[in-house]
Amino acid sequence: MTQLGSPKICWLPLLLISALPAGAGEFTVAEQQVANMKAIFGQAESREIAPARTRIGGTIVKRFVDEGAQVKAGDVIAVVADQKLALQAQSLDGQISALISQVDNANVALQRAEDLMKKGFATKAAYDQAKTNADVLAHQLESMKAQRAVIAQQTREGEVLAPKDGRLLTIGVVPGAVVQPGEPIARVASGALYLRLSLPERHAPLLQLGAPVTVAPRVAGGPSREGKIVRIYPELDNGRVIADAEVENIDNYFVGERVRIYAPVGERKAMIAPRDAVTTRSGVDYVKLARAEGPLDVAVVFTDTADPGKIEILSGLKAGDRIVTP
């Protein structure tokens with residue numbers, strides 16, 4: 001009887017060892033301090049929004065761009081025309097033509113007076129009179145040309161120029177609209193986009209500069225984006241603390257677009273486990289609980305963490321449990 005029973009005693013440890021998968025390891029679940037990530041909404045904003053203003057009053061005669069267009073500083077957005085300037089320019093052109101003729105005649109008279117004076121047929125006084133007349137007319141012509149240049153400059157200032165490189169957000173005029181000098185007719189978003197965050201004031205002491213933030217995907221299955229808090233404003237707005245976060249690769253966002261952001265506000269305790277310890281069967285997630293009598297599948301509820309290789313166990317396990325890992 002002793003010889004028949006001895007094999008059972010010898011094989012029992014081997015059976016317990018073989019219950020674990022070959023090459024499997026163990027992980028002891030323990031509570032860890034993790035960042036308390038709060039889900040909030042942020043709004044995409046532009047660093048600078050510059051207005052494009054008219055420089056003269058008049059009527060919009062042409063519009064060259066539409067909303068959403070990319071513009072460079074100095075690009076013409078629209079043209080303002082003032083009919084009075086055209087009439088003044090026409091009047092000055094006529095006066096300049098008349099003065100040019102008078103100046104030509106005065107120069108001819110001056111040359112004649114000089115020739116006669118050299119030959120002794122005219123007095124010095126007659127020559128001086130002719131020279132004075134020619135000089136006066138020449139100065140009048142220069143003054144008239146300067147006035148014409150002013151009108152030309154005012155006409156050129158009818159062009160409404162883009163103040164900066166950027167994207168045209170709005171343009172609020174159509175051809176035929178009457179505008180006043182200095183009136184803003186368009187807005188240009190310039191510079192990189194950033195996210196403006198708004199959190200309840202109870203989180204104000206917990207928010208820190210440089211803290212990492214995660215931007216949720218814009219569409220299902222899209223990539224998430226990482227960033228950091230770069231500015232915390234010292235004044236509360238309606239009981240909320242305002243902060244700015246810089247995030248890469250958001251230049252294609254709409255200005256004013258609201259996105260979901262996860263921002264750290266202090267720390268909390270959580271049970272963290274390796275993601276590869278979880279298996280899913282029939283829509284239920286399981287982990288293998290290591291026991292002396294062999295592994296036991298335990299259903300768990302978990303959520304993702306910032307580390308793609310880790311998960312946070314919400315229910316199903318307790319601190320100190322040992323789970324089997326591949």
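Consider segment 184-195 and keep the residues that are at pLDDT 90 or above and either over 17 Å from the mean Cα position of the chain (by Cα) or of a type in the set (A, V, I, L, M) (or both). The one that is surrounded by the fewest Cβ atoms within 10 Å (Cβ to Cβ) is PRO184.
All told, SER282 falls short of being in contact with a strand residue (DSSP E or B) (Cβ under 7 Å, 6 or more places away or on another chain) and polar (S, T, N, Q). Can you confirm whether ASP66 is charged (D, E, K, R), surrounded by fewer than 17 Cβ atoms within 10 Å (Cβ to Cβ) and farther than 20 Å from ARG187 by Cβ? No, not satisfied.
When you go through LEU137, LEU168 one by one, which is the residue that is surrounded by 12 or more Cβ atoms within 10 Å (Cβ to Cβ), among the hydrophobic types (A, V, I, L, M, F, W, C) and touching a Gly at 6+ places or on another chain (Cβ under 8 Å)? Testing whether each residue is surrounded by 12 or more Cβ atoms within 10 Å (Cβ to Cβ), among the hydrophobic types (A, V, I, L, M, F, W, C) and touching a Gly at 6+ places or on another chain (Cβ under 8 Å) leaves just LEU168. Is at least one residue of segment 196-203 under 25 Å from LEU169 (Cα atoms), in contact with a Lys or Arg (Cβ under 6 Å, 6 or more places away or on another chain) and touching a residue at least 60 places away in the same chain (Cβ under 8 Å)? Looking for residues that are under 25 Å from LEU169 (Cα atoms), in contact with a Lys or Arg (Cβ under 6 Å, 6 or more places away or on another chain) and touching a residue at least 60 places away in the same chain (Cβ under 8 Å), one finds at least one in segment 196-203, hence yes.
Conditions (1) free of Cβ contacts under 8 Å to residues at least 60 places away in the same chain; (2) assigned to a helix (DSSP H, G or I); (3) surrounded by 12 or more Cβ atoms within 10 Å (Cβ to Cβ); (4) not hydroxyl-bearing (Ser, Thr, Tyr), marked per residue:
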position	(1), (2), (3), (4)
VAL80	no, no, yes, yes
GLY94	yes, yes, no, yes
ASN107	yes, yes, yes, yes
LEU110	yes, yes, yes, yes
LEU116	yes, yes, yes, yes
ASN133	yes, yes, yes, yes
LEU141	yes, yes, yes, yes
LYS145	yes, yes, yes, yes
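The values are calculated or read from the model by the stated rules, or taken from the named source; none is laboratory data. Everything numeric here is computed off the predicted structure, so don't read it as measured data. When we count neighbours, we look across all protein chains shown, and the Cβ atoms used for this are built from the backbone with ideal geometry, even at glycine.
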